[in-house]
Each structure stands twice: as structure tokens, then as C-alpha cells.
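Peer 1: Here it is: the structure, laid out below.
No value in this document is a laboratory result; all are computed from the given coordinates. Every value quoted in this text rests on a predicted model; they were computed, and no experiment measured them. Here the Cβ positions follow ideal geometry from the backbone for every residue, glycine too, while neighbour counts run over all protein chains shown.
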Amino acid sequence: MNIKIYIADDHAMFRDGIKAMLNAESQFEVIGEGDTEEAILSDCARLQPDVILMDISMKDSDGIEVTRKLRASNSEVKVLAVSMHNESEYIKRMLDSGANGYILKSTGRNEMITAIKTVNEGATFLSNEVSQNLLKGLNTPQPKNEIRLTPREIEVLKMIAEEYSNQEIADALFISSRTVDTHRRNLLEKLGLKNTAGLVKYAITQKYI
Amino acid sequence: MEQLLSQNSFLRDVIDEAPYGVVVFDASGVILLENELARQFISHDNQSLVKRNIKEMFQVFEMEELLTQIIEGSKESFDVMELVFDEKVLTVRCRKRQDWSILTVQDITKWKHIEMTAVQSIIETQEKERQRIATEIHDGIGPQISTTIHQLETIAENIKESDPETATRLESIVEQSNEVSSELRSISHSLMPRVLLDFGLTAALQTLVNRVNNSNRCKIEFINSFSGEALDQSIELNLYRICQELINNALKHAKATYIFVQLVKTEEHLTLMVEDDGKGFDLNNLKLSEGIGLSNIEMRTKVMNGELNIDSAPGRGSVVTVEISLHEH
């Protein structure tokens with residue numbers, strides 16, 4: 001049986017291109033296309049496609065939102081995001097809202113075919129670049145309880161704990177006393193401390209001095 | 001001197017009618033003479049300035065210093081443009097004569113305001129235009145080139161057996177086109193980061209940092225202690241642009257190997273701090289492109305009513321801080 005495909009994209013030219021490409025394959029059949037939330041939702045309810053190729057940034061609608069609505073209406077259609085966006089934020093949100101796969105518009109023909117088949121079988125498909133960006137996006141945020149200080153902040157902290165004045169710290173580190181003050185305020189804020197005594201205590205317990 | 005003037009009402013009138021504030025003080029800084037405008041601009045209590053000391057009237061660091069130099073005689077004159085004083089912006093000029101010095105004060109608050117509005121609208125127009133071009137590339141040309149690539153691939157696939165040679169050539173065209181497409185995407189991104197518009201400042205800075213890390217040119221870390229509550233979009237865009245410029249400087253000019261980008265929120269302020277370990281620079285001796293970059297940063301900071309502080313010395317890296325008040329926005 002052919003895989004029935006619906007194309008949600010606001011570029012007629014892109015839709016035509018994809019249609020021509022997929023209809024050339026015997027196992028696929030493009031059964032509809034649309035570019036507004038309303039049209040996409042009602043078409044899907046009516047035509048019951050197996051897979052939707054879902055753009056994210058469309059003129060009058062947002063693919064993330066449309067996917068969420070499809071899932072809210074218990075639709076079991078497989079959603080394969082096909083987007084220009086390769087940033088992890090978009091990928092995360094799209095998967096969160098219930099997409100089964102994510103490929104880029106620059107994806108090659110073979111990969112697109114594999115992606116459609118894979119999501120149709122119920123598995124997840126992310127193209128290489130997508131999964132790499134997603135992983136990087138997941139890795140970068142630091143754990144909440146770990147406080148990251150920059151080397152210069154540590155220098156400033158040490159010198160505060162050793163009772164140097166703002167001006168002395170400034171001279172030693174080749175920065176202005178105003179910047180020393182900003183470092184001091186940032187340190188207090190980042191460490192959740194109230195005053196210099198707190199900084200001194202922190203420097204000692206963390207063995208900076 | 002006051003006596004002299006009381007006898008010469010013509011001279012008194014001239015001074016009173018001058019379109020700027022006039023103050024005359026003696027060798028020790030005691031004010032001998034003022035006009036109405038000077039009192040308006042300088043006096044905190046709107047009381048007469050006569051017999052008070054000029055240094056007490058200007059308790060602003062740079063003015064105190066300059067006035068001391070005039071009184072001590074190490075300076076003959078000074079001009080201070082754009083002195084922020086008592087919520088006003090003043091231009092202050094001082095000239096020393098033998099026994100006394102004359103100081104004139106002009107209130108340019110209104111002009112500064114007009115200038116800022118103009119700068120703001122220039123920035124906004126520029127950003128709008130960038131956004132238009134970026135959208136055109138990202139949503140228009142981008143998908144079109146993707147479509148073209150897909151069609152080429154379909155043809156290549158179809159003739160693979162009948163004409164393998166042409167198919168191979170088509171495949172290499174596909175590869176070149178893919179490069180064009182990815183180049184377009186990165187141009188569109190630097191023109192207008194969609195992540196910023198869609199997900200806000202912290203997500204956009206994280207993306208920017210990831211991009212630099214991916215390029216393997218330098219290690220860059222984003223330390224964020226800002227919850228990411230939505231700020232005014234123009235503020236977010238300005239902070240993002242400043243950060244973009246600073247990272248760019250650190251990579252291109254300073255050849256930094258490590259950059260830290262921090263957003264720290266205190267009760268009232270948001271601080272953006274960018275530190276790098278690069279060559280550093282001498283603020284008084286900038287290359288033209290660096291100078292333009294920094295003056296853009298300066299302009300954007302001013303438009304946000306923020307404070308900019310740049311610390312750098314040759315060989316010592318640099319620390320740039322932009323602080324904005326959260327309550328105004």
C-alpha cells in the first residue's frame with residue numbers, strides 16, 4: 001500500500017518540487033497540501049494521510065502549533081518536520097509538540113525518502129545535522145546548582161578575600177575599578193550572597209585562598 | 001565685581017540676557033557672579049550661587065578634577081561636552097583669566113533627546129531592513145534553492161542508468177548548491193537571528209555561542225543567570241547585536257582563544273559582560289573597523305539608556321560591560 005502524504009508548507013514552489021519528487025516514487029502518493037492552520041487541520045481530518053511534511057515558519061501559521069493541535073485532537077498521523085531552521089530550540093519545540101521526525105529543507109532526496117518511510121513505520125527520524133545540533137543544544141546549559149565563575153572573577157574573588165581594595169584589584173588586573181565593582185556585584189548575585197563577608201567565607205570554603 | 005556690575009547696568013543686562021549660564025569665580029573658586037540660567041542649571045536649591053564655591057556646586061568626579069586644576073593653575077581652560085548632571089545634559093566651558101575664571105553652561109538635554117530619537121529610528125530602520133532581507137532569504141530564496149536541488153536529484157536518479165556521466169555531473173551540481181544553501185542560511189542568520197524573535201535573548205545568545213563553538217575557532221562559554229523573562233524586543237535586539245559585535249571583535253581582531261559571555265540579573269539591572277583572553281587593545285589607538293564596531297556598541301547602549309564600560313590593555317584581553325536598568329523597560 002502506498003504511503004499517503006500531505007504537504008504543509010507555504011511555498012507553492014517547494015510543495016510542487018516535493019510533490020514531483022515523491023510522486024515519482026512508486027511507494028508514495030501526495031494526497032493534499034495546505035498552508036494555513038485551518039486548512040491543514042481540516043484536510044488531515046478528512047483525508048487521513050499517513051505522514052504530514054510540516055514546515056515550521058509559515059506565513060499564516062506555525063508548524064509547532066499545528067502539530068500540537070493535531071496531537072491534542074488525538075490524530076495519529078505521523079508528523080515529519082521539514083524546515084529551514086537547524087537551531088536546537090526549533091528542533092526541541094517541534095519534538096516536544098509531538099513531531100515524529102525532523103529534517104532540513106536542504107536534506108537530500110534519499111534522506112527525505114528514508115525519513116518518510118521511517119516515521120511511517122512508527123520510529124523517529126532525525127537527520128544527521130539535526131541530531132547533532134539537538135545534542136549540542138542539550139549539552140550546553142549548565143546544571144543549575146553548578147556556579148560557573150570566569151578566571152577573572154576568581155582572581156577578583158581571591159583579592160577581595162585577601163582584603164585588597166577595589167583600586168588595588170583594578171591595578172593588579174589591569175581593569176578599571178568600575179569593572180572590579182561590576183565583578184563584585186556579579187559575584188554576589190551569582191553566588192547568592194549579600195556582602196563582602198559572604199564572599200570571603202565562600203573563597204575560604206571553596207579553598208580559593 | 002558685583003559692585004562694578006551694579007554700576008553698569010548695561011553689562012549686567014548683557015550677562016543676564018546671554019542664552020547660556022554664566023558664572024565667574026575667583027582664584028580660590030568662590031563665585032562672584034552668576035546669571036539666572038546658571039542658577040537654573042547648576043544650583044540644586046535654586047538659591048543664588050554667589051559666595052559659594054564652584055567645586056561644591058559640581059560634585060561630579062570629572063568636573064571636580066578639572067575645576068581643581070583650574071584653581072591650582074595647572075590648567076588654563078577646559079571644555080566638557082555632554083556632562084550628565086542632575087538629569088540634565090550640559091556642555092560646560094571654562095576659561096581662566098588673571099584673577100578670575102569664567103564658566104559657561106549650556107543645557108543640551110533637549111538636543112541630546114532629539115539626537116537619541118534620531119539614532120533610535122536609524123537603528124530601528126536598519127534592523128527592519130535587515131529583517132526584511134533575512135526573511136526574504138530564509139523563507140524565499142532558501143526554499144526555492146532547496147526545490148531546485150530536489151528536482152536536480154530526481155533527474156539524476158532517473159538517468160542514473162541511462163546516462164551515468166550526466167548523473168554524476170548533476171550530483172556535483174547538487175553538492176555545490178547545497179553549499180550555497182547553507183551559506184544563505186548563515187547570512188540570513190547573521191542578518192536577523194530568528195531564534196531571537198521566536199524564543200528571546202537567552203536562547204539566541206546560546207545559539208550564537210553554539211555556532212562559534214561549532215566553527216572550532218575559539219572556545220566560548222555562555223554563563224546565564226537571567227531567567228529569560230521577556231524584555232522589550234528592541235532591547236533584546238540591541239543586547240544581541242552588542243554581543244555579536246564583541247564576539248566578532250574578540251575573534252577577528254583580538255584572536256582570543258577563550259571568550260566568556262555572561263548575563264547577570266540583579267534586582268534592578270541586567271548586565272551583559274563579555275570577557276576575552278585576546279590581544280587586547282589600546283582604546284586610544286583603535287583600528288578603523290574596531291572603532292566603528294565600538295561606536296555602534298556605544299550608540300546601542302545609549303539608546304537603551306544603559307552604561308557601557310570597556311576595559312582593555314594590550315596583551316591583557318578585554319572586559320566589556322553593558323548595564324541596563326530593568327525598571328525603565
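Peer 1: To the nearest Å, what is the center-to-center distance of segment B:102-163 and segment B:247-261, using C-alpha atoms only?
Peer 2: With segment B:102-163 and segment B:247-261 each reduced to a Cα centre, they are spaced 24 Å.
Peer 1: Here's a follow-up. If I fit a long axis through the Cα atoms of helix B:164-191 and take the longest principal axis of the Cα atoms of chain B, what angle between them do I get, 0 to 90°, rounded to 10?
Peer 2: Approximately 20 degrees, to the nearest 10.
Peer 1: Taking just the alpha carbons, could you work out the radius of gyration and Dmax for chain A, both in angstroms?
Peer 2: 26.5, 79
Peer 1: Less than 14 Å Cβ to Cβ from B:Gly315, Lys/Arg counted +1 and Asp/Glu -1: what total charge do the surrounding residues give?
Peer 2: Values: positive: B:Lys255, B:Lys279, B:Arg316; negative: B:Asp276, B:Asp277, B:Asp282, B:Asp311.
Summing Lys and Arg as +1 and Asp and Glu as -1 gives -1.
Peer 1: Neighbouring Cβ atoms within 10 Å as the yardstick, rank B:His113, B:His269, A:His85 fewest first.
Peer 2: Taking fewest neighbouring Cβ atoms as first place, the list is B:His113, B:His269, A:His85.
Peer 1: Quick check: the angle from helix A:151-161's long axis to the longest principal axis of chain A, C-alpha only, nearest 10 degrees?
Peer 2: Helix A:151-161 and the main axis of chain A meet at about 30 degrees.
Peer 1: Between B:Leu67, B:Leu246, B:Leu191, which gets the highest mean-square fluctuation from a Gaussian network model of chain B, Cα cutoff 10 Å?
Peer 2: Sorting by GNM fluctuation, first place goes to B:Leu67.
Peer 1: Please report the spacing between the Cα centers of segment B:196-214 and segment A:187-209 in Å, no decimals.
Peer 2: 30 Å
Peer 1: Among B:Met304, A:Met1, which comes first, then next, by fewest other beta-carbon atoms within 10 Å? If you can, show how the numbers build up before the last one.
Peer 2: Numbers: B:Met304 23, A:Met1 6.
Lowest count first: A:Met1, B:Met304.
Peer 1: Does segment B:2-107 come out rounded, prolate or oblate by the C-alpha gyration tensor, with a ≥ b ≥ c the root eigenvalues, rounded set by a/c under 1.5 and, if not, prolate when a/b is larger than b/c and oblate if not?
Peer 2: Working: a/c = 1.66, a/b = 1.21, b/c = 1.36.
It comes out oblate by the Cα gyration axes.
Peer 1: Return the single residue from B:Arg300, B:Arg241, B:Arg132 with maximal mean-square fluctuation; model: Gaussian network over chain B, springs between Cα atoms under 10 Å.
Peer 2: Evaluated over chain B, the most mobile residue of the options is B:Arg132.
Peer 1: Quick check on my link table: of B:Lys265/B:Lys302; A:Lys59/B:Lys128; A:Lys194/B:Lys55; B:Lys88/B:Lys128; A:Lys136/B:Lys279, which ones sit more than 26 Å apart, alpha carbon to alpha carbon? Write out the running numbers ahead of the final one.
Peer 2: Details: B:Lys265/B:Lys302 19 Å; A:Lys59/B:Lys128 17 Å; A:Lys194/B:Lys55 35 Å; B:Lys88/B:Lys128 31 Å; A:Lys136/B:Lys279 29 Å.
Check vs 26 Å cut-off fails for A:Lys194/B:Lys55; B:Lys88/B:Lys128; A:Lys136/B:Lys279.
Peer 1: Could you pull out every one of the lysines with an alpha carbon less than 21 Å from that of A:Lys78, ignoring same-chain neighbours closer than 8 positions?
Peer 2: Output for A:Lys78: A:Lys4, A:Lys19, A:Lys69, A:Lys92, A:Lys105, A:Lys117.
Peer 1: So if I average 1/r over every pair of distinct C-alpha atoms in the protein assembly as shown and take the inverse, what Kirkwood radius in Å does that give?
Peer 2: On the way: mean 1/r = 0.0358 Å⁻¹.
Radius from the Kirkwood sum: 28.0 Å.
Peer 1: Moving on to the next point. For a footprinting-style exposure proxy, rank B:Ile15, B:Ile324 by other Cβ within 10 Å, fewest first.
Peer 2: B:Ile15, B:Ile324
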